Amino acid sequence: MFERLSRQPDDPLLALIGIFKADPRTDKVDLGVGVYRDEAGHSPIFRAVKAAEQRIWASQDSKAYVAPEGDQGFLDLLWTMVGGKASPVHAAGVQTPGGSGALRLAADLIRQAGTGRIWLGLPSWPNHAGIFAAAGLAIETYPYFDVPSQTLLLDGMLEALQRAQPGDAVLLHASCHNPTGAPLGAADWARITDVIATRGLVPLIDSAYQGFGAGFEGDVAGLRALVAAIPEALVAVSCSKSFGLYRERTGALFAVAGTTAAVETARSNLVAIARTSYSMPPDHGSAIVKTILGTPELYDDWRAELESMRQRLASLRRSFAEALGGRWSNSLAIGKQEGMFSLLPLTPAEVMTLREKHGVYMPTSGRINVAGLKLSDVTRVAGLFKAI
Ligand SMILES: Cc1ncc(COP(=O)(O)O)c(C=O)c1O
């Protein structure tokens, strides 16, 4: 059987990790891999995570299965964090292996019960298309962002969505758009909500960066307004970035609607899909999140540390955009974008020059992880971008 297989190319972003590691230059800069970095270039464990792990170690007395849908306590606390305390809608959650697991579960449900079509922004996180195609969904695209001018293409997006069929799914990023960092304002969300409501579309909202962009509540404000205004939605939540739990594979998918009966039916189907895929979700990461969200002193400390990361990203962006000067016609927009990523108007040849000549690493798409910069190094690195 294996003889009939052909070798698959390595994921270019994951391959970049190995190439960067092998580079002996001491002033090399990694703007590729999508994890948060501090000023020392380290991807830290939150203090609250360490403290929660100690508590779990001391109190946990069994490793027996939790439940097919995961830990209900975790799901309730996580939905309050994302949907809000006074959420007017009903939500039924299923704990998943990371945000990717949630997206795959959503895709399987859309394939079973929806039109089998999903609309995806151009560009989007590359794994979106991979996950949806693997689940057998047909992918349609809407314009989202113009790279040379660094501007949002909202009119083009709305125009494209007018052509979507009732029941089609639409993927939206809650905040900190990956790869562009282009934020949606409240008025933009209102216009998107309008089209989704009038066309009868089902949004799948991907919330993977709460706390990294406009703020802890601001990053989910558009999501909350949208789900309150339409009959049905799916919300995929990743705890990888907001809690720094990348390798613990922690996340959830929420089915959201106006009645308990509707969301409970959706949940039973999601559990059935999960059962035949990975059976039960991993527990350790969700136990950490539940402990943090349910313990006031850990919660406060976690929020403070998350806020300091957000501030660091914002100030890196401002300094980098200023240091770039007029490198591109709208370089200053990079300072106003949100989260870890920006998509720069670089050619693949320019990306390779930066990598080979200067030890500055990013994928050939030109996406940079701003967190890979150091404040002390911004002027030098911006100078390299200006010189190519
Ligand atoms: C937009 C977006 N969604 C979802 C994910 C999934 O994250 P994970 O599966 O690691 O929780 C990521 C990770 O990079 C992402 O950027």
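The set of residues in region 93-144 that are charged (D, E, K, R) and either within 22 Å of THR180 (Cβ to Cβ) or not assigned by TED's automatic domain parsing to the domain that holds GLY185 (or both) contains only GLU140. Selection of first residues in region 83-106 that are within 11 Å of PHE254 (Cα to Cα) and in a strand (DSSP E or B) and of second residues that are among the basic types (Lys, Arg) and away from the ligand (no atom under 15 Å from the Cβ), restricted to Cβ pairs under 8 Å at least 6 apart or on distinct chains, gives the following pairs, ordered by first then second residue: ALA92/ARG267; GLY93/ARG267; VAL94/ARG267. Of all residues in region 186-207, which are under 22 Å from THR80 (Cα atoms), polar (S, T, N, Q) and assigned to a helix (DSSP H, G or I)? Correct list: THR193 only.
Sub-9 Å Cβ pairs linking a first residue in region 247-274 that is at negative phi and at pLDDT below 95 to a second residue that is of a type in the set (Lys, Arg) and part of a strand (DSSP E or B), at least 6 apart or interchain, number zero. The one condition from (1) part of a helix (DSSP H, G or I); (2) within 27 Å of SER308 (Cα to Cα); (3) within 20 Å of the chain's Cα centre (by Cα) that LEU14 does not meet is (2). Scanning region 328-344 for residues that are surrounded by 15 or more Cβ atoms within 10 Å (Cβ to Cβ) and small (Gly, Ala, Ser) yields SER331, ALA333, GLY335, GLY339, SER342.
If you go through region 108-124 and pick out every residue that is touching a residue at least 60 places away in the same chain (Cβ under 8 Å) and within 15 Å of the ligand (Cβ to nearest atom), you end up with 2. Could you go through region 59-82 and let me know if any residue there is within 15 Å of the ligand (Cβ to nearest atom), of a type in the set (Phe, Trp, Tyr), in contact with a Ser or Thr (Cβ under 9 Å, 6 or more places away or on another chain) and modelled with pLDDT of 95 or more. Among the residues of region 59-82, at least one is within 15 Å of the ligand (Cβ to nearest atom), of a type in the set (Phe, Trp, Tyr), in contact with a Ser or Thr (Cβ under 9 Å, 6 or more places away or on another chain) and modelled with pLDDT of 95 or more, which makes the answer yes.
Look at region 1-30: where a residue is modelled with pLDDT of 95 or more and a partner is in a helix (DSSP H, G or I), sitting 6+ places away or on another chain with Cβ atoms under 6 Å, you get VAL29/VAL381; ASP30/PHE20; ASP30/GLY372.
Can you pull out every residue in region 330-388 that is of a type in the set (Lys, Arg) and in a strand (DSSP E or B)? Correct list: ARG367 only. Assessment of region 132-151 against the conditions (hydrophobic (A, V, I, L, M, F, W, C), in a helix (DSSP H, G or I), within 16 Å of the ligand (Cβ to nearest atom) and surrounded by 17 or more Cβ atoms within 10 Å (Cβ to Cβ)) yields at least one matching residue. State all residues of region 83-103 that are within 16 Å of the ligand (Cβ to nearest atom) and surrounded by fewer than 24 Cβ atoms within 10 Å (Cβ to Cβ); if no residue qualifies, say none. Selection gives PRO97, SER100. Among residues that are free of Cβ contacts under 8 Å to residues at least 24 places away in the same chain and of a type outside the set (Phe, Trp, Tyr), SER329 is not included.
The values are calculated or read from the model by the stated rules, or taken from the named source; none is laboratory data. Keep in mind it's a predicted model, so treat the numbers as computed, not measured. FYI the Cβ positions are ideal-geometry reconstructions off the backbone, even for glycines, and counts take in every protein chain you see.
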